[in-house]
Amino acid sequence: MSLFIQRMFDGLAEGSVYALLALALVVVFRSTGQLNFAQGEIGTLSAFFASTFTLSGWPVWLSILAAMVIGFIMAAGVERVVVRPIEHRNPGADRRLPCRQPAECDVLGRRCAQLAEPVPDRRR
């Protein structure tokens, strides 16, 4: 019975994370009219920074705060460098189509996370 309860709470926690990510996509789409697939990568890189800072010996609250600031800076940079020029380039066009550049930021974020991940030692 305890395994069932544990799995139920794990599923609820994971489902709430998916719901928050979907809500974030909807809020950004409603406000800008563009799909921004870079949001997931910004969240992933922020969590990576929080984990790295915590494992480096920083207090957890300071690690989370620093990761939030870094995530805000990354999101503002993507909005200013990628999303805003698309919006100003063609204001009369269908606003649902220009989602390619944020998707490219998504791929770039994955590559940066892969480069920053430590390589496991396979000499054993």
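Points to keep in mind about this one:
- Ranked by the mean number of other Cβ atoms within 10 Å per residue, highest first, peptides 38-48, 54-64 order as 38-48, 54-64.
- Between Ala13 and Leu25, the contour length at 0.36 nm per residue exceeds the Cα-Cα span by 2.4 nm.
No value in this document is a laboratory result; all are computed from the given coordinates. Bear in mind that the values here come from a model prediction, so they are computed numbers and not experimental data. Heads up, the Cβs are rebuilt from the backbone with ideal geometry, glycines too, and the neighbour counts pull from every protein chain shown.
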